[in-house]
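The values are calculated or read from the model by the stated rules, or taken from the named source; none is laboratory data. Since the model is a prediction, treat every value here as computed from it, not as a measurement. Every residue, glycine among them, receives a Cβ derived from its backbone with ideal geometry; neighbour counts consider all protein chains shown.
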Amino acid sequence: MNCQEVKEQLDAALDDQRVVSGQFDVVRDADVVAHAESCPDCRVLYDEYLLIESALAVWVPRRPAVDLTDRVIEAARREGLISSTGSAVFGKVDEVGKVDGAVPRAGRLTSGDEPFFLAGTQATPAAGRSVWPTIVTVALVLAAVAIVFQEKPGTIAHREKTPQLSVPDSPPGLLDPRQDQVADIGHLVADAQSAWRGIANRVSHQASGFSVFVPNFTSELGIADVIGSADDNSGSASPDDDAQRQETSQPSAVDKAFEFLFDKAEPAGTLTI
Amino acid sequence: MTEDVQLVQQCLSGNELSMRAFLSKYQGLVFSICLRMLGHREDAEDVAQDALVRVFRNLDKWDQQRPIKPWLLTIAANRCRTALEKRSKLPAQNDLAIDLAAERREHSRHEQDQLDIGEELELALGELREDYRTCFVMYHQEELSYQEIGEVLGCPQGTIKTWLHRARAQLAKRLQERGVVADPSALEAT
Ligand SMILES: [Zn+2]
């Protein structure tokens, strides 16, 4: 056996050393040992081999504990590598409501963007895109209501079209469908009750704390048979009543009462009592 | 279908739980080689994170007919070499590998006055030059073949064989310098 053969045998033996799986191939070849004892160069190699061989036999490779899971998952999420299904509780966000600590990412929403609210993460459900439509809708509704109520300041509710009492339609046809926008419905009910009493009793003077002015329309409305001629109610009010008529002329409590009664309380047919 | 193939396919569908399971299985391997190559824990964490994200980004490129370990180590080694190149351009940098070895030695001295031969080997490894150390670890710890290490590090097998031989020789010399002697009983026990 020559020096080269010894070297190859020692290398081959070390090559077979696999620490984790516990493979070892210890050189016990008598020829190798005999050559190493007689050859100084190969003796050095053989000693090195024995040292490494025995060290590898007991070596426990360090595998330091580490937990990069959350960091990697966050980074993967920012890259859109994580599906939203199964992990996202709510919708997704783009520039707002971002997962805590995430780097802002330009661009629009995609299926791979970070979930708005995640189980097990520090997600913050800020103003996500599911909130904005609600805010816009509420703002539009408030604006519309404000416009309606601004038409005649100082009144509870108004109709765009005042019922034309000369129209021989059934009362419900004259009424404003936006009756339900009246805020103070209790007040209107009280007005309506008073007005109805005034109509039924053919009075045009004060009733229940305010004046009821009943114009000459009862026959046109088909209730003349019930309450009789209203001639004495048309334009024959006393001076006292004139002052109070001013108060109720726009819009009159009677208008409100009819509106309320016909639209809300009474079917059309029941009026011809 | 192997367990790895199944896991990878679930990861490819963006399943977070599967990705966490994948990390649980392989982040130790990736971080370990990063720490071996860089010799500095914080750097190794950063580079390992980068490497693992790249792994997820490129999972579809893994050849499912081949073992995944060399493929993972290839990505990790590439990121480490990029980091080492950047580090080499920094002025007045320290030899972090040596620092780490000294740190470990100090720590070990406190724990145990007499290190066993396996611990001495670990310390000596920390003092090797990076490519020798990486080669030694990939071969003896990760049990990759010459061919696989060559692919991982982008070097011919002959180079890998040379590096591994030199690594062993230098380790042996360092152990001898420290008065460590072979323990025949350790060999007999195996
Ligand atoms: Zn010889």
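What helices (runs of 4 or more DSSP H) completely inside the stretch B:1-80 contain at least 3 residues that are crowded, with 23+ Cβ neighbours inside 10 Å and within 11 Å of chain A (Cβ to nearest Cβ)?
In the stretch B:1-80, B:16-38, B:41-57 are the helices (runs of 4 or more DSSP H) which contain 3 or more residues that are crowded, with 23+ Cβ neighbours inside 10 Å and within 11 Å of chain A (Cβ to nearest Cβ).
When residues of the stretch A:38-68 are filtered for being assigned to a helix (DSSP H, G or I) and facing chain B (nearest Cβ under 7 Å), how many remain?
Residues that pass the stated criteria total 10.
In the set A:Val19, A:Val93, A:Val58, A:Val99, which member is surrounded by 13 or more Cβ atoms within 10 Å (Cβ to Cβ), β-branched (Val, Ile, Thr), modelled with pLDDT under 75 and closer than 23 Å to B:Leu115 by Cα?
Exactly one residue qualifies, and that residue is A:Val19.
Can you give me the number of residues within the stretch A:32-85 that are within 16 Å of the ligand (Cβ to nearest atom) and under 30 Å from the mean Cα position of the chain (by Cα)?
Total meeting the criteria: 0.
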